[in-house]
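The values are calculated or read from the model by the stated rules, or taken from the named source; none is laboratory data. Please read all numbers here as calculations on a predicted model, not as lab measurements. Positions of Cβ are generated from backbone atoms using ideal geometry, with glycine treated the same way; all protein chains shown enter the neighbour counts. Keep in mind that these areas ignore ligands, DNA and RNA; they rest on the heavy atoms of the full protein, side chains included. Shrake-Rupley method; radii C 1.70, N 1.55, O 1.52, S 1.80 Å.
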Amino acid sequence: MRRRKIAVAAAFCLSFFLGTLLNLLCVPGFDHHQQFQTGVTPVPLGASWQGKGGSLDLLKQLRERYKEVIRYREHQAPVSATGRLLRPLERRLMDLAQRSSDHRQKAKGSTSEQDSVPVPHLSSKIDVSLRPPLLGCRDISNGTNVRYLGSGYTKAVYKSVLNDTLSVALKSVDFGGHDIQNCVKQYVTLEECYRLASFKIVKEMILLQRLQHPNILQLYGYCYQDNNDIKDTLTTITELGSPLEMIQLLQSSWEDRFRICLSLVRLLHYLARSPLGSVTLLDFRPRQFVIVDGELKVTDLDDASIEETSCSSNSDCFMEFPARNFTLPCSVDGKCQKMNEKRNLYNAYRFFFTYLLPHSAPSSLRPLLDSIVNATGELRWGIDETLSQFEKVLYMYRNGLYLSNITYTPKAEYKEVAEAAINEEDYKCWPSYHHSGCLLSVFNMNEAIEICDSHSQCQAFVWTNQTTWTGRQLVFFKAGSRNVVFDHNKITYVKVTG
C-alpha cells in the first residue's frame, strides 16, 4: 500500500512537471531559441504586440509610408523660366541627420532595401516651413464656433473661426475612423497606428505647399498637441470650403456648372505638369473637392501620386473603370504614356462633365460641349486640347458669340424707368440664380428683351448692377409692374405693347 502511494505521488509530480514545461514552450509569442540562442531583441515599436509577424508588418508599413513622405519632401525644386532656381517651399520634416549616415553605412552589405531605411523616430515633430500667414496652436486655442463637419477613412474635419475673423477647416487623424480602428484591431498599439495614419496628413501638407494653384486648397498652418495619451498629435489649418453637392449643382445655372468644370480642367492641366511631375488623384470623387467663392478646389491630396506606371508592353498600361477600359501606349523608357493625366481626365468626364456640361446650356454651344464630353469619354484628347476647348467655350460665352441672332427684333416695346425696381411680382423660371424668382444673366439688352419675349409670364425686367464671374449682367424678370419702387442702383423696363 505504501509503495502504491509513493508511485502515485511520483506520477503526479512528473505529470505536473511535464505540463508546466509544455505550457511554457507553447505560450503564444514565446520563442525560447530566439531569445536565448540568438540574443535578438524585438524592435520596441509599441507597448503591446500580437507577435513578431504583426510587429514586422506594421514596421514595414511605417517605413514605406515614411519613405513616401520623404520622397515628396525631397523632390527637386523647379527652375523658373528665367533659369533661376526657385526658393524651396519646405525644409526637413524630421531631423534624422545624426543617424542617416550610420544607417547608410550599415545598409551597404544588406540585400534588403527595407533594411537600409531608418525607422522614423515616431515621437518626432514634423517641421514644415509655411508661407505667411502662419497660424498655429495659439490661433486654434483662441478659435470659436468649433463645429464638426465630417470624417473620412483617416481624417476628421472641423470648422473654426480664428481671431473672430477667419473661418478655417481643422484636419486631424480621426481616432474613431476606419484607418485607426482597423490598425489597432490588428496590431493593438494605438501610438504606432496613429503615426502610420498621421503620415497621410504629413504628405498632404507637403503637397498643399508644393502644388500652388488657385484650384488647390490653401494650407494656413499646423499645430502639435498631446491627445489621447499620444504626444505631438497633428492638426492642420486650411482654407474652408463648402462641400460639393451634385444635386444642388444640377439645380444651379449652366454658367455656374460650367465654371466648376472649367476649374477642374485648369487644375488637371496644372497637375499634369506640376513641379513634382505628373500628379494623379487616385481617390477621385466629388467628396474630395470643395467650392470656395464659386471655384472648385481639391482638398484631399493624401491619395495623390506622382508615380508613373512602369511597363514592358502596351498590355501593362491597362486602365480599368466601371463602364470602360483603356490600354495606353508603353513608351521606349518603360513608362505608360500619360497614364496619370489620362486617369484624371477620364474621372473628370465620368464624375463631372457628363452631368454638368450639356445640361441647359445655350443651344448654339451644345455641339461644342457634346464634342468635349465625347472626346474625353473616349480619351481621344489629352488635357491640353481639353483645356483649349474649354477656353474656347468661355470666350464665346463671355463675348456673346453664342447668340443665335445678334440683331434680334423685339416683339414688344419696353418703357425705361430709371432708378426703379419692382417688389414681388415674381415668377419662377429655370435655371435661376434666385430660388423664388427668375434671375438670369444676360450678355446685353437684346438678350434680356429676347428672354422676356419668350416667357409668357414676363411683363417687365429689372436691370441690376450685379454681374456674374464672366462679367454678364444679372437681370430680374417680373410678371407685373404694379409695385415699382425707387432704387438708384437699378433700371426697370416695362412691356407696354405686344
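Picking from residues in segment 423-448 that are hydrophobic (A, V, I, L, M, F, W, C) and open to solvent by less than 20 Å² (accessible area, probe 1.4 Å), the one that is farthest from Ile491 (Cα to Cα) is Cys438. Considering Glu308, Glu341, the condition of being in a loop (DSSP other than H, G, I, E, B) and acidic (Asp, Glu) is satisfied by Glu308 alone.
Considering every residue within segment 382-391, establish whether at least one is touching a residue at least 40 places away in the same chain (Cβ under 8 Å) and open to solvent by 80 Å² or more (accessible area, probe 1.4 Å). Scanning segment 382-391 turns up no residue that is touching a residue at least 40 places away in the same chain (Cβ under 8 Å) and open to solvent by 80 Å² or more (accessible area, probe 1.4 Å).
Glu192 meets all of the listed conditions (1) acidic (Asp, Glu); (2) crowded, with 18+ Cβ neighbours inside 10 Å; (3) in contact with a Phe, Trp or Tyr (Cβ under 9 Å, 6 or more places away or on another chain) but one, namely (3). Among the residues of segment 291-301, the ones that are touching a residue at least 12 places away in the same chain (Cβ under 8 Å) and more than 8 Å from the chain's Cα centre (by Cα) come to 5 in all.
Conditions tested, residue by residue: (1) part of a loop (DSSP other than H, G, I, E, B); (2) of a type in the set (Val, Ile, Thr); (3) open to solvent by less than 50 Å² (accessible area, probe 1.4 Å).
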{"residue": "Ala348", "(1), (2), (3)": "no, no, yes"}
{"residue": "Phe352", "(1), (2), (3)": "no, no, yes"}
{"residue": "Leu369", "(1), (2), (3)": "no, no, yes"}
{"residue": "Tyr395", "(1), (2), (3)": "no, no, no"}
{"residue": "Ser404", "(1), (2), (3)": "yes, no, no"}
{"residue": "Thr409", "(1), (2), (3)": "yes, yes, no"}
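Return yes when Gly400 is farther than 30 Å from Val485 by Cβ and touching a helix residue (DSSP H, G or I) at 6+ places or on another chain (Cβ under 6 Å) and no when it is not. Considered against the rule, which asks whether it is farther than 30 Å from Val485 by Cβ and touching a helix residue (DSSP H, G or I) at 6+ places or on another chain (Cβ under 6 Å), Gly400 comes out as no.
Within segment 411-429, at least one residue is touching a Phe, Trp or Tyr at 6+ places or on another chain (Cβ under 9 Å), at pLDDT below 95 and within 18 Å of Ser363 (Cα to Cα). Do we find a residue being modelled with pLDDT under 95 and farther than 26 Å from Phe284 by Cβ anywhere in segment 336-353? Looking through segment 336-353, none of the residues is modelled with pLDDT under 95 and farther than 26 Å from Phe284 by Cβ.
Residues checked against (1) modelled with pLDDT under 90; (2) hydrophobic (A, V, I, L, M, F, W, C); (3) on the phi > 0 side of the Ramachandran plot:
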position	(1), (2), (3)
Val188	yes, yes, yes
Arg210	yes, no, no
Asn227	yes, no, no
Gly241	no, no, no
Leu267	no, yes, no
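The condition of being hydrophobic (A, V, I, L, M, F, W, C) and open to solvent by less than 20 Å² (accessible area, probe 1.4 Å) holds for only one of Leu170, Leu134, Leu149, Leu166, that being Leu170. Checking the stated criteria, Lys478 turns out to be of a type outside the set (Ser, Thr, Tyr), at pLDDT 95 or above and crowded, with 18+ Cβ neighbours inside 10 Å.
One line per residue, one yes/no per condition, for (1) part of a helix (DSSP H, G or I); (2) among the acidic types (Asp, Glu); (3) open to solvent by 20 Å² or more (accessible area, probe 1.4 Å):
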| position | (1), (2), (3) |
| --- | --- |
| Cys223 | no, no, no |
| Thr236 | no, no, no |
| Gln248 | yes, no, yes |
| Asp256 | yes, yes, yes |
| Cys261 | yes, no, no |
| Arg287 | yes, no, yes |
| Asp300 | no, yes, yes |
